[in-house]
Each structure stands twice: as structure tokens, then as C-alpha cells.
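Enquirer: Have a look at this one.
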Amino acid sequence: MKKFFRFSLLLAIVAMLAGTVAPAFAQDPTATPFEPVPSEEGVLTIWINLERVAVIEEIGKEFEAKYGVPVRIQTMGFGDVRNNFNIAAPAGEGPDIIIGAHDWIGQLYSNGLLAPIELSDELKAKFDPVSLDGFTYEGKLVGLPYQTEAVAVYYNKDLMPDGVPATWAETVDLAKKLVADGKAEAGLGLNPDYYHNHALFTGFGGGVFGRDEVGAYDPKNVLLDSEGSIAAAAELDRLVKEGVLKDGLGYDQLRDLFKSGKLAMWITGPWALLDIRTTDIKFGVAPIPMMAQTPKPFVGVQGFMVNALSKNLLLAQAFLTEFIATDENMVKIIKAQPGIPAYTPIIDEVADADIQGFAASVANGEPMPAIPEMSAVWNSVGSAITLIIQQKEAPDKVMTDAAKAIRDEIAKSN
Amino acid sequence: MKLSPLSLPALLTRVVLLGIFDVVAIWMAVTFTQRISPLLGILIAVFAIIVNLVFLRDDLFAWRWIIPAMAGMVLLVIYPIGYSLIVAFSNYGDDHILTKEQSVAQITQNRADSFYEPQDSVTYFTYVYLRSGVTQATQEDFRFYLVDPNGKSFVSWVGLENPLTEDDPQFQYGERDANGVPASINEWKLVPPQGFGQTLQGLNLSAPPYQIRLTQLQLLQRRFVSKQLAPRFAYSAENDTITDIQTGEEYRNEKGYFVFGDGDTQKRLSPGFAALIGMDKIVRVITDERIRDPFFRVFIWTIVFATGTVFTTFALGLIFALVLNAKFLPGKVIFRTLLIIPYAVPFWLSVTSWRGLLSVNGPLNDLMVQLLGRPVNPFADPTSAKVMVLLVNLYLGFPYMMLLSLGALQSIPSDMYEASMIDGANDRQQFQFITLPLLLLAIGPLLIASFAFNFNNFVLIELLNNGGPPIASDTVAGHTDILLSYTYRLAFGGGRGADYGFAAAIGIFIFLIVGTITFFNFRFTRQLEEVSKNV
């Protein structure tokens, strides 16, 4: 009996262990409480994150009224759309359309899960070229963009009545002066991750991946230890040494500082807009000031993608090109939540001064690489930037190490 | 064992319960077979049959209580381990998500480059007609009215060798609209095209030497656009190769891709598919120095973290338990309730709260600024980050240990203390020779369980500080990463996205490590039990 007791105890422990290990590797969709609503003939199924659900539902109802095809919406968390789609679609349980970010396409198209979308030249001309560029993979358009976004400078108008200076050097000086005069607790806020810092890297002549002859990002051409990237890292190092950038200030901390009027300038994207507008802070949005070269922030593009294994493939494509890509519905989508429209004919109708500020930043930007190799970049360069901010290692060394590790990683996984 | 014959109600109850069980089991077996894994479905079916046998035959009575345990072990332990093992020998992950059949179908049928448009290809506006009275339509139930760019019209359907011209005498048309499109062809009626996605998907109207395929749906005009296309690839099941018809290149099946050529000039067809590829992933875990080098430091910290947590939570839990167990303490219930709160609050909520509390402009740091004149950032420094992780886990873990100890303390017979007092033992001696050994005997196995749990306490690390601060920019490991969070970073931050095969390979190594440690821990508790026999 004792032996049996010990056996069952062991069993319980092993089971618990397996239970803790297994979720990390869990692959089957039933392991999560999520129950996908799959594609079904004659019904358009759309998976969407929690934003803009109401407007898509409304558009879906109009579509049903006009063409007799019901549109069914399933909502889930933003990252969940991608992960669930990646698992459910191959099992035939994916929807017809997903709404998400353009940097998913590398993974999803390589996995064989996205169908190309064809736009007439006339329709193409109505979209911001950077948004189409973002949704183009291996020469094919695999998403219909509706919104772009890029980081820009939020500035506190009470502290900076003259706005953001034209050049980076002046901006940094102003940031220092505001702190020295005791007007602000911090002059300039910049998240310690590569996404927010890409503008700085390109402004100093660096970047992450070079482009090939057709303009696509080339994973074999890593630029992170180029002269320009190292100069950008050295600039970060200088900013820390001169007290402009401080360790430990992530997105939440910077947001709180800016909302309480203690931070003069904050470099981040339009997602913070609604939150800041809940305060009385008078603020403006300006593109990132000129550096040695024009800083090109990463442009993220939001759009609609069609499941390659959909049961309504042509219908889904027609829904996007004929119904969504119209002035009327694009205005509705953008008005539901402020953003920069990728569909340019409507810009004056939907953009206020803040959105125009972000639009100016998008105009300078380049799409965030959608190639799957990008997943090797975030961690290493994020660590490199954190190490600089924490003053643990020299800027040139962290960049060389990171570039080497990324090249290794890319070579190994191909 | 001789059993008394069952009374009728007992027999009825048994049959009914078994019937309910069978319904559930059959439902599970069928759904699992169809939707998840046939193997799992078969396992469940076999288990259900055995249960029926055991409960219906009295001579198998002894097995009744063992069978559920066995089934639980197979389903919850052996099957996942086996599954992980298989995945470890595969390339399953991004780029290799589809099955081979799906991948072949994508390459030869569904991708934009599966077909090419020949120079002399003709594009048609295509109207769809469905035979009257059909409810469950198949492709054969349709007729298609094709209008070419010159306005010339044809009628075609699946299986017809060549499209027939409009004026073929067999057709009688209904009323025509402004564009000349008829409302019916014989008994086939014009229908809006949008409702027949899957049915018409892959429609292939013969038009030698090409195929007419639907390429676009035009909702407003209620028609499709179709084109004469030629297939680009041909799959040969016999050779398991895909041939590019235009160039004659033959792509062979190699490790989850169809490839042509070798070395740097090798070309492969996308998308790849999941396949068993042998030892590649396991070899990579052992040989890749970028993984091996941080492995040991991560391993050491994992051990420190897990043992440290068990030790600190047990010590603090025990102290509180001893205090709460003291007879003189008033208001015991209130204290006990308050002390259990950290255990009752959802785990992730506590951890994210601590993350906020400890951040640079969080409330604890306001205090630090008052006291030290400068903020302290426990997320930046390796040592303070490690201390922080241990302290937060102590906060989360001590109530559990306290509850266990309270229970175990009650079960120590008070006559032992009385006897020891007569022998002249003081409080310290009582604790050292009576309380602690008997307590450890009771909760020793649970301490091991706690160790194993914390060894893999991924959620805490990931939620609290993502394993930071970074060690260096050329490794994904951070100073507080434990093996499991390190694995997660390796497997999901790789050069091509998520690599489940690789994750499973590392998972097997972790399983071996934890298994070994647990084995030795049990040896240790057994020794403890032997000691206790002499107490």
C-alpha cells in the first residue's frame, strides 16, 4: 500500500510537472479555452482584435443587407488573432479574413496561410505607398491596409510653447535646459526597445536590414553593426551620460510622467493619444527632428488579410476590394478610432492636427520589416539598448555582439 | 475475493453510470479522432473498453481502482511526453505548419504562382447558373456563361471538353438584361455568385491546352472573372516530387521542403510542411555554443531560484504557523485570514502589481527617494533583480507553506511534547528533535513538488521582469531567466519565428534534469522516513 501511495504521489508530481511544461509547448487549439469560429461557405467570418469591433460589425450588417451574405465577427486579444490563426487555419478552422498588423505577413505567408489580394491600378493609387509596401511579401500584396502608424514626438505645449526644434541637437539641448531650469522632471522619453529607436538609428545612417534590388528587406544584410548604427548607439550612450535618458523608464512610466506634465517630450505612437487626451495637458505632435539624415521611423500598417484556406476565398477578396476599400467605409473605420488612414482620399475628412503630426512622421518612415527573421532582432537589439541605458557595456561592443548573434541565428534557422 | 451478489438497485445504478460513462467516452473518442489526434481517440476508446470489462466482470474487481489511475497516467503523462518526443524529431514550427498534403495543394493549386497566364490567355466575365430545384449544389449542378473581351459568349460546365458557343442549338435562353446576359439557360437559372465559395473553389473548366479558372469575384456586377491558365507545377505521388512544368526542374522532398539543387543555389518551394527530420534539433541543443554557454549559468540560477524559494517560503510559512499554533495568541482567525490573502489573490494579478510597485517611479521608489535620496531600480542590477524575484515569490508562496505546516503541526501527538518535557527538553530541543522531523516527514514530498513547480515557474519570471536584466546582447538569456523562460526565448525568438520542434527538444532535456532531481529528492525523503521510524 505504501508503495502504491508513493507511486501515485510520484504520478501526481510528474503530472503536475508535465502540466507546467506542457502549456508552453501546447499546440492543439483545444488546449486553450478558445473555440474558433471557422470559415463556412456562404458566410464571411472575420477575426478581429478588440478594437473597432462595432464599426466592422456595422459594415458587416450593411454587406449582408446588400449582398445577402452574413458577416460573422469573432473578437479576441490582439496577439491572439495571429497565434490562433496560425494554429487554427492549417486545421481548417480558420476564418475567412483576419484583421491585424503587416508584420505578421512574413510568418503567415511563409506558413502558406495568406492569399494574395489583387488591386486595380486605380485603387492602388488611392493607398499610401508605404502601406502597400508594408503588406507586400515576396512581391505579392497579401493584405488590404486601412491604417498606418509610426512614432512621433508628443510635446508639452506649456513647457515648449515654440514646439519641437528643427534639429535633433537643438531638441536634446532644449530637453536638458528644461530639466536644468526645473521646469520638467525629464526632458525626453524614449522606450528602451528597438521599435522606438529605429528612427534614431536611421537618422544616424544605420538600420536593421539592408534592402535588395527590388526594395525588399534582405535578411542576409544585417546593418546593426554598420558605422551608422554604432554612431546611433554612441548617441544613446551620450544621452544617458548627459542625463537626458534614464534607466527604468518603460512605456508605462513615461506615459505617467507625460500625463502628469513632468515629461517635456515623449517619442511614441498614436496608440497613446486617447489616453493622453483624458488629461488636461496641452500637447502637440511633431515629426522626429532632423538628424544627420532624415530619421525614418518604423511604419506599422494595420489591414485585412485573407485566409488562403478559406472556403470563400474569392468572396473574401471581393469583400475587401469592392466593399471595404471605399471612401464611405474607410471613413467609418478610421473615425471609429483615431488613426492615420492608409486610404489617402479621406485624409482631410478624418485627420485632426495630432493625426496630421503622425501622418508627417509616417511620410518619412519605412515599413517595419515583415520578414520572419525580424523575430531574431527584437530580443538581441532590445538587450543591446538596455545594456547601453544601464551603462553596463560600451555601445560599439553591444551592437557588434548583437549583429553577430543575429547573423548566427538567421544562418542557423534557414 | 468472494463477492456477494449485487442487489437489483445496485446493479441498475452500475449499468446506468457505466452507460453515461460510455456516452462521454464515445463522444470524446470520436471528436479527438476527427479533430485532434486519431491516436488519442484510439487510446480513449481502448480505455473505455477496459473500464467496461472491469466493471462488468466481478473477477476483475481488484483492477477497478487502478484502471482510472493508469488511464490518467497514460493520457496526462505518457501521451504528452510521447508527443513532445515526436515533435522534437520534427521541424514543426513556423514555415512548417501545414501537412504535406496541404503544402502540395498550396503549391500546385492555391498560390498566386500555382498557375501562369500564357501569352494567348483569354479572360472571361463569367456568370453562374444553378439548376432549378437543387439545394445541396455540387460543381456539376452549375452552368457557366462566359463572355470574352470581344463580346463573344460561350457556355461551359464541368466535364465538358471545350466551351460551346452561345448559338449552339441545345440552349434556350431566358430574358436578357442590358448587357445581354440571359436570366436562364435551359433549366439553369442565373444566381448571384457569392454564396458558392467552396463549391466553386478550384473550378476547372476544360479549354485545351489550358484550363479556365475563376480568379476574381465582382460583387456589383454579380459575376466572376475567369482566365485561361496553365498549371505551373505537377505533383507526382509515386516519386514524391514536384515538377516545374515550365522549366522541367524536379523538386524533391527534403526535410519539410520541396527543394531543387544543392548548397547556396538551392531553390525551395514555399510553404514548407511539418515532417520528421531526425536528430537535427536535438543535435543543435547540444552543439550550438550560443545555447550551451548560457545554459549552465541559467541552470545554476534555476536551482538557486527553486531551492531558495522552497527554503524561504517554508521557513517563513513555518514561523507563521508556529506563531498561529501558539495557544496564547488572541485573534488567531483574523491573522490567519490576513496571511492567506497573498495565496487567494490571482497569481498574475499579484505579480503585475509587484512589477508596478517596484518600478522606478512606483510608490516603493518614492519611499526610497525619501530614505536614500535616489531611486533604486531592482530591475537593472543582476543581484537586486535576483533578490527581487525571490522576495516576490516568497510573498506569493509562504501562505501555502503556512497552511501545510498548520495542518501538519496539529497532527503531531501532544504526548510526545509531554514526554520530552519530562525528559527535560527545552523549547529549542523540542523543535529540533520532535517538531521539525515529524513536520518534514509529513510535508517533505510537498516540498519536492514545490521545488519542481518553481523549477518551471515560467509565469512569474515572464510577468515580473521578462528574465531581465540582459546578460549581453549576443544571448537571449537574461540574469533571472530560468531554464523554461530561456527555452521560450530560444524557441520563439529564433531566426524564422517559432520553432516548436526545437522547443520540444530542449523540453526533453529539461524533463530529464527535473526527473533526475526529483528521483534523488525522493531517495532523500525515504531516508527521512526511515529515520522517523526510530523516533
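Enquirer: Whose amide H sits under 5 Å from the amide H of B:Ala498, counting only residues 5 or more places off or on another chain, with H placed in the peptide plane?
Expert: Amide H neighbours of B:Ala498: B:Asp94.
Enquirer: May I ask for the angle, rounded to the nearest 10°, between helix B:38-56 and the longest principal axis of chain B, with both axes built from Cα atoms and the value confined to 0 to 90°?
Expert: Helix B:38-56 and the main axis of chain B meet at about 60 degrees.
Enquirer: Compute the distance in nm between two label points, each set 7 Å from the Cα along the Cα-to-Cβ direction, one at A:Arg277 and one at B:Arg64.
Expert: 6.9 nm
Enquirer: Which one of B:Leu160, B:Gln170, B:Ala137 has its Cα pushed farthest toward the positive end of the charge dipole of the stretch B:125-174, where Lys and Arg give +1 and Asp and Glu give -1 at the Cβ?
Expert: The residue sitting farthest along the positive end of the dipole is B:Ala137.
Enquirer: Once the whole set of protein chains is in place, how much accessible area is left on A:Leu174, using a 1.4 Å probe, in Å² to the nearest 10?
Expert: 50 Å²
Enquirer: How many times 2.2 N^0.38 Å is the alpha carbon radius of gyration of the stretch A:93-228?
Expert: That works out to 1.40 for the stretch A:93-228.
Enquirer: At a probe radius of 1.4 Å, what is the per-residue accessible area of B:Tyr395, in Å² to the nearest 10?
Expert: 80 Å²
Enquirer: For the stretch B:8-88, take the alpha-carbon Rg, divide it by the Kirkwood Rh, and send me Rg/Rh.
Expert: Here the Rg-to-Rh quotient is 1.05.
Enquirer: Give, in nm to one decimal, the length gained when the segment between B:Arg374 and B:Leu12 is fully stretched (0.36 nm per residue of separation minus the Cα-Cα distance).
Expert: 122.7 nm
Enquirer: Follow-up question, since we're still on this one. Taking only the alpha carbons of the stretch B:417-535, what extent do you get along each of the three principal axes, in Å, biggest first?
Expert: That gives 72, 26, 19 Å along the principal axes, largest extent first.
Enquirer: Hey, another quick one. Enumerate the amide H contacts of B:Glu254 below 5 Å, restricted to partners 5 or more residues apart or on another chain; note that Pro and chain-start residues carry no placed amide H.
Expert: B:Val259
Enquirer: If you average the alpha carbon positions of the stretch B:75-103 and of the stretch B:365-393, how far apart do those two centres end up, in angstrom?
Expert: 42 Å
Enquirer: List the GluC sites (Glu not before Pro) within the stretch B:70-177 that DSSP assigns to loop and that have no more than 15 neighbouring Cβ atoms inside 10 Å.
Expert: B:Glu161, B:Glu175
Enquirer: Taking a probe of 1.4 Å, how large is the accessible area per residue of the stretch B:115-231, in Å²?
Expert: Per residue, the stretch B:115-231 has an accessible area of 50 Å².
Enquirer: For the stretch B:115-231, what does the relative contact order come out to in percent, with C-alpha contacts under 8 Å and a separation of six or more?
Expert: The normalised contact order for the stretch B:115-231 reaches 31 percent.
Enquirer: How many nm is it between the label spots at B:Ala425 and A:Ser120, if each spot is 7 Å from the Cα in line with the beta carbon?
Expert: 9.3 nm
Enquirer: Going 7 Å from the Cα of B:Leu322 in the Cα-to-Cβ direction, what parts of the stretch B:426-446 have a backbone nitrogen less than 16 Å from that spot?
Expert: B:426-441
Enquirer: Could you check how much of the accessible area of the protein assembly as shown is carbon and sulfur, as a whole percent, using a 1.4 Å probe?
Expert: 61 percent
Enquirer: Any idea of the total accessible area buried by the A-B contact, 1.4 Å probe, rounded to 100 Å²?
Expert: For A against B, buried area totals roughly 6700 Å².
Enquirer: What Kirkwood Rh does the stretch B:115-231 have if only Cα atoms enter the pairwise 1/r average? Answer in Å.
Expert: 14.3 Å
Enquirer: A further question follows. Considering all alpha-carbon pairs of the protein assembly as shown, what whole percent are spaced by more than 57 angstrom?
Expert: Everything past 57 Å amounts to 23 percent.
Enquirer: Show me, bin by bin at 5 Å from 0, the whole-percent P(r) of the stretch B:288-533 based on Cα pairs.
Expert: Per 5 Å bin, starting at zero, the Cα-Cα P(r) for the stretch B:288-533 comes out as 1, 6, 11, 14, 15, 14, 13, 10, 8, 5, 3, 1, 0, 0, 0 percent.
Enquirer: Take B:Arg252 and A:Ala166, extend 7 Å from each Cα along the Cα→Cβ direction, and tell me the distance between the two endpoints in nm.
Expert: My value for the distance between the label points is 6.5 nm.
Enquirer: Kindly provide the pair-distance distribution of the stretch B:204-273 built from C-alpha pairs, with 10 Å bins from 0 and whole-percent values in order of increasing distance.
Expert: The percentages, shortest bin first, are 18, 34, 26, 17, 5, 0.
Enquirer: Next question. So which GluC sites (Glu not before Pro) in the stretch A:229-330 end up in coil per DSSP with only 16 or fewer other C-beta atoms within 10 Å?
Expert: A:Glu242
Enquirer: For Cα pairs less than 8 Å apart in space and 6+ apart in sequence, what is the mean separation divided by the residue count of chain B, i.e. the relative contact order in percent?
Expert: After rounding, I find 15 percent.
Enquirer: From zero outward in steps of 10 Å, how is the percent of C-alpha pairs of chain A spread across the bins?
Expert: 5, 20, 27, 24, 16, 6, 2, 1, 0
Enquirer: Now a separate question. First obtain the Kirkwood hydrodynamic radius of the stretch A:228-360 from its Cα pairs, then insert it into the Stokes-Einstein equation at 4 °C and 1.567 mPa s, and state the resulting D in µm² per second as a whole number.
Expert: The calculation lands on 71 µm²/s.
Enquirer: Let me ask something else about it. Exposed loop trypsin sites (Lys or Arg not before Pro) only (DSSP loop, at most 15 other Cβ atoms within 10 Å): please give the longest stretch of chain B free of them, not including the sites.
Expert: Answer - B:328-535.
Enquirer: Calculate I(q)/I(0) for chain B by the Debye formula, one identical point scatterer on each C-alpha and no solvent, and give its log10 at q = 0.08, 0.09, 0.11 Å⁻¹ to two decimals.
Expert: -0.87, -0.99, -1.15
Enquirer: For the stretch B:318-354, run through the chymotrypsin sites (Phe, Trp or Tyr not before Pro) and keep only the ones in DSSP coil with at most 16 other Cβ atoms within 10 Å of their Cβ.
Expert: Within the stretch B:318-354, the qualifying chymotrypsin sites (Phe, Trp or Tyr not before Pro) (loop, at most 16 other Cβ atoms within 10 Å) are B:Phe328.
Enquirer: The stretch B:183-215: which residues show an accessible-area loss of 40 Å² or more, assembly versus chain alone, 1.4 Å probe?
Expert: Buried-area filter returns B:Gln194, B:Gln198, B:Gln201.
Enquirer: Now for a different question. For B:Gln170 and B:Ser132, what does the FRET efficiency come to when R0 = 22 Å and r is the distance between their Cβ atoms, rounded to the nearest 0.05?
Expert: Plugging the Cβ-Cβ distance into 1/(1 + (r/R0)^6) gives 0.80.
Enquirer: Round to a whole angstrom and tell me the spacing of the C-alpha centers of the stretch A:265-336 and the stretch B:331-359.
Expert: Comparing the Cα centres of the stretch A:265-336 and the stretch B:331-359, I get a distance of 40 Å.
Enquirer: Next question, about the same structure. Only helical DSSP H runs with n ≥ 4 go in: add -39500 (n - 2.57) per run for the protein assembly as shown, normalise by residue count and round the 222 nm mean residue ellipticity to 500 deg cm²/dmol.
Expert: -15000 deg cm²/dmol
Enquirer: I need the calculated FRET efficiency for the pair A:Thr294 and B:Ser414, taking r as the beta carbon distance and R₀ as 60 Å, to the nearest 0.05.
Expert: It comes to 0.15.
Enquirer: Suppose R0 equals 30 Å; then what is the FRET efficiency for B:Ser353 and B:Val387 from their Cβ-Cβ distance, rounded to the nearest 0.05?
Expert: The value I calculate is 0.95.
Enquirer: Ordering A:Ile281, B:Ile242 by accessible area with a probe of 1.4 Å, largest first, what comes out?
Expert: Highest to lowest solvent-accessible surface, that is A:Ile281, B:Ile242.
The values are calculated or read from the model by the stated rules, or taken from the named source; none is laboratory data. These numbers come from a predicted model, not from an experiment. For neighbour counting, all protein chains shown are included, and Cβ atoms are generated from backbone atoms with ideal geometry for every residue, glycine included. Heads up: the accessible areas ignore ligands, DNA and RNA and are worked out on the full protein's heavy atoms, side chains in. Shrake-Rupley method; radii C 1.70, N 1.55, O 1.52, S 1.80 Å.
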